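Report on one structure; see the data block that follows.
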Amino acid sequence: MPHLNHRHSDKATPAKRKTARTATHTAALADLRTHRLAATGGSTSTGEALRHLTLKGLEAAATELQRPLSEMGATARGAGAAGASHPMAVNETVIGLLRPKPDLAKMAADPPGVRAVAQAVVDAPGGVGGIGSYWTEVPLPVSGSWSTPGRGGAQADIVLTAPQEGVPLLFIEVDNCHETAEELADKLEKYARFFRRKVKDTAGKAQPMWRTRWTTPPGTGLENPYPPVLFVFNPLGARNPERTTARLAALTRHLWAGDKDYEAGFHHYDKKIPVITTTLADLRKHGPHGQVFRRFGRSGPQTLFDAIGNPRRQGALERHWAQQRAREREAQERERQEAEQRAAEREAQRPACARCGSMFTDERWKTAQATDWGTPADSHPTLCDRCKRRALVAVQLAQTLHHRSERHDQEDHPEQTEPARKPGRWFSRRRA
């Protein structure tokens with residue numbers, strides 16, 4: 001209910017504003033405790049009260065999120081004993097990436113100032129995915145199975161899957177600046193071993209184990225990188241995140257450095273891990289669309305979407321395909337012009353009817369020029385179809401009139417006709 005974050009801004013003190021703003025959540029937690037879905041989990045180092053789901057609560061959450069219970073992780077029992085600084089930082093990271101939007105319809109009765117603040121949040125760039133796009137405390141086994149991982153594997157603080165928004169798969173590690181660069185480098189080595197691990201699918205074909213659980217676009221022969229890993233630094237500890245980042249980049253260069261294609265002007269990251277860093281404060285302020293993400297091997301900050309990808313390669317490919325389409329269009333244009341030229345030359349050779357002057361049709365032209373064996377010669381090759389029909393009718397009419405004239409002449413002069421001879425008499429005279 002993110003709209004509640006903007007209410008009760010007229011209260012006198014921050015404590016009163018918070019109490020009024022979280023009254024609904026407190027009541028909901030009381031209901032969860034009544035049904036034994038949640039329990040008190042201690043408090044943070046700043047005095048914030050903590051609640052955690054019970055096993056029954058995890059089952060209810062799995063039903064709401066439509067996930068198997070095996071993917072819900074474990075209960076957070078005991079997190080409050082250490083102040084819960086890391087779980088709370090993980091929660092803040094999810095909220096910073098999710099960027100929930102308030103529902104303005106539920107704020108119709110609020111003061112105009114409160115609605116204006118909520119409207120600004122609605123108009124700001126959104127986050128990535130929904131609440132169901134995030135998994136926490138996900139084991140990445142280098143041995144064993146998903147349900148019973150062996151020793152030596154990593155455990156991702158957050159796994160984000162939002163392919164519909166350009167983030168197919170992202171592993172996130174949250175560090176409160178307590179771990180050394182060497183410890184973080186060892187964690188990246190575990191990621192690399194997990195990414196290299198292969199298992200057989202149902203068809204008996206070996207494929208990377210991570211692809212059996214998450215679906216990502218297939219790579220190419222020269223560009224088939226591993227999923228990216230994002231480090232979110234929350235400066236609670238004594239270590240400087242900038243120094244830790246520089247040392248981490250030097251220790252893990254063999255895991256993330258790509259091979260430069262000098263001719264194409266970009267790097268290939270085949271079998272490499274894109275490693276990205278940011279701070280929790282920058283993530284809270286700017287979200288995934290802000291240019292606050294730095295990828296190892298690149299000079300300046302980028303948005304999350306550019307940092308996990310290869311925009312130079314994508315740009316080069318787009319230019320290549322644009323040039324390819326331009327060449328195809330040019331070839332089609334040349335073919336069209338050549339076809340038009342051939343058609344014009346053919347039209348210039350098209351014969352005209354010797355009688356009416358009309359141009360021959362293609363069929364008439366072909367018939368008039370027919371020279372194949374067994375094809376009779378055209379009787380009027382210089383005439384069009386209409387004039388040829390008229391000429392044939394005229395010839396037929398002339399022949400009919402000629403036959404009639406001969407018949408009339410024979411009727412008018414019968415003495416000129418030779419009498420018919422009988423074959424019998426002629427043969428008898430010869431024998432005599």
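The values are calculated or read from the model by the stated rules, or taken from the named source; none is laboratory data. A quick note: this is a predicted structure, and the numbers were derived from the prediction, not measured. Here Cβ is always computed from backbone atoms with ideal geometry, including for glycine, and neighbour counts include all displayed protein chains. All accessible areas refer to the heavy atoms of the entire protein, side chains included, with ligands and DNA or RNA removed. Shrake-Rupley method; radii C 1.70, N 1.55, O 1.52, S 1.80 Å.
Brief remarks follow.
- Taken together, the residues in segment 174-205 that are open to solvent by 10 Å² or more (accessible area, probe 1.4 Å) and within 28 Å of the chain's Cα centre (by Cα) amount to 9.
- The residues of segment 260-280 that are at pLDDT below 65, open to solvent by less than 50 Å² (accessible area, probe 1.4 Å) and not hydrophobic (A, V, I, L, M, F, W, C) amount to a single one, Gly265.
- Annotation: of all residues in segment 1-29 being outside any helix (DSSP H, G or I) and out of contact with any helix residue (DSSP H, G or I) (no Cβ under 8 Å at 6 or more places or on another chain), the one that is most open to solvent (accessible area, probe 1.4 Å) is Asp10.
- Count of residues meeting criterion [at pLDDT below 90 and not in a loop (DSSP other than H, G, I, E, B)] in segment 65-90: 9
- Of residues in segment 30-43 being touching a strand residue (DSSP E or B) at 6+ places or on another chain (Cβ under 8 Å) and in a helix (DSSP H, G or I), the one surrounded by the most Cβ atoms within 10 Å (Cβ to Cβ): Leu32
- Whichever residue in segment 131-154 is under 14 Å from Arg213 (Cα atoms) and assigned to a loop (DSSP other than H, G, I, E, B) and, among such residues, is most open to solvent (accessible area, probe 1.4 Å): Ser147
- Options Ala84, Ala118, Ala74, Ala62; residue that is surrounded by 14 or more Cβ atoms within 10 Å (Cβ to Cβ) and closer than 23 Å to Glu179 by Cβ: Ala84
- When each of Ala354, Ala331 is tested for being among the small types (Gly, Ala, Ser), open to solvent by less than 100 Å² (accessible area, probe 1.4 Å), in a loop (DSSP other than H, G, I, E, B) and at pLDDT 85 or above, the lone residue that passes is Ala354.
- When segment 95-115 is filtered for residues that are open to solvent by less than 40 Å² (accessible area, probe 1.4 Å) and either at pLDDT 90 or above or under 30 Å from the mean Cα position of the chain (by Cα) (or both), the ones remaining, listed by number, are Gly96, Leu97, Leu98, Pro102.
- Within segment 186-198, not a single residue is among the basic types (Lys, Arg), out of contact with any Pro (no Cβ under 9 Å at 6 or more places or on another chain) and assigned to a loop (DSSP other than H, G, I, E, B).
- Here Val159 clears all of (1) of a type in the set (Val, Ile, Thr); (2) open to solvent by less than 10 Å² (accessible area, probe 1.4 Å); (3) touching a residue at least 60 places away in the same chain (Cβ under 8 Å) except the condition numbered (3).
- Leu160 vs. criteria at pLDDT 90 or above and more than 27 Å from the chain's Cα centre (by Cα): no
- Of all the criteria given as (1) under 30 Å from Ala118 (Cα atoms); (2) under 37 Å from the mean Cα position of the chain (by Cα), the one not satisfied by Leu69 is (1).
- Test: Arg243 is assigned to a helix (DSSP H, G or I) and exposed (fewer than 13 other Cβ atoms within 10 Å of the Cβ): yes
- Ala15 under 18 Å from Pro87 (Cα atoms) and among the hydrophobic types (A, V, I, L, M, F, W, C): no
- Residue in segment 99-108 that is of a type in the set (A, V, I, L, M, F, W, C) and touching a Phe, Trp or Tyr at 6+ places or on another chain (Cβ under 7 Å) present: no
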